[in-house]
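Accompanying notes for the structure given below.
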Amino acid sequence: MTRIAIIDHNEHRLYVEDIPEDILENQYGGDEQKYIDDNYDIENYSWDYITEGLFLPAGESDFCDIDFDTILD
């Protein structure tokens, strides 16, 4: 799996997706940019790989982990 984060700058929305390696390699030649352009209808965005996520709740002084595996179960 390749985990990416896409930020839609117009809508101020974050997308996080796990892309199966076989789909990425076989259909898009390993090109994440082509995958995003083909699967998302977003005009103004940026993206990058992510390996972990941290979140700082309001009023807190310490970050907490975002457990993507638990969220996806």
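Please pick out the residue among Asn44, Asn26, Asn39 that is more than 21 Å from Ile71 (Cα to Cα), of a type in the set (S, T, N, Q) and surrounded by 11 or more Cβ atoms within 10 Å (Cβ to Cβ). Full working, then the answer.
Numbers: Asn44 fails: surrounded by 11 or more Cβ atoms within 10 Å (Cβ to Cβ); Asn26 fails: surrounded by 11 or more Cβ atoms within 10 Å (Cβ to Cβ).
On inspection, the qualifying residue turns out to be Asn39.
Out of everything in segment 7-24 that is of a type in the set (D, E, K, R) and not in a helix (DSSP H, G or I), what residue ends up being farthest from Tyr45 (Cα to Cα)?
At the first step, the residues of segment 7-24 found to be of a type in the set (D, E, K, R) are 8, 11, 13, 17-18, 21-22.
Okay, now just the ones that are also not in a helix (DSSP H, G or I), so 8, 11, 13, 17-18.
Details: Asp8: 5, Glu11: 10, Arg13: 10, Glu17: 15, Asp18: 18 Å.
Among residues in segment 7-24 that are of a type in the set (D, E, K, R) and not in a helix (DSSP H, G or I), the one farthest from Tyr45 (Cα to Cα) is Asp18.
Could you list all residues from segment 25-50 that are part of a loop (DSSP other than H, G, I, E, B) and charged (D, E, K, R)?
Asp31, Asp41, Glu43
Evaluate segment 17-27: report whether one residue or more is in contact (Cβ under 8 Å) with a residue 24 or more places away in the chain and not small (Gly, Ala, Ser).
Checked against the condition, which is being in contact (Cβ under 8 Å) with a residue 24 or more places away in the chain and not small (Gly, Ala, Ser), segment 17-27 yields at least one hit.
Filter segment 1-23 down to the residues that are within 22 Å of Phe68 (Cα to Cα) and out of contact with any strand residue (DSSP E or B) (no Cβ under 9 Å at 6 or more places or on another chain), then identify the one that is surrounded by the most Cβ atoms within 10 Å (Cβ to Cβ).
Residue satisfying both the conditions and the ranking: Ile23.
Can Tyr28 be described as among the hydroxyl-bearing types (Ser, Thr, Tyr) and under 17 Å from Asp8 (Cβ atoms)? Spell out the reasoning first.
Details: among the hydroxyl-bearing types (Ser, Thr, Tyr): yes; under 17 Å from Asp8 (Cβ atoms): no.
So Tyr28 fails the test.
Can you name the residue in segment 21-73 that is at pLDDT 95 or above, hydrophobic (A, V, I, L, M, F, W, C) and under 15 Å from the mean Cα position of the chain (by Cα) and is also farthest from Ile4 (Cα to Cα) among such residues?
Looking at the filtered set, the residue picked out is Ile42.
The values are calculated or read from the model by the stated rules, or taken from the named source; none is laboratory data. Since the model is a prediction, treat every value here as computed from it, not as a measurement. FYI the Cβ positions are ideal-geometry reconstructions off the backbone, even for glycines, and counts take in every protein chain you see.
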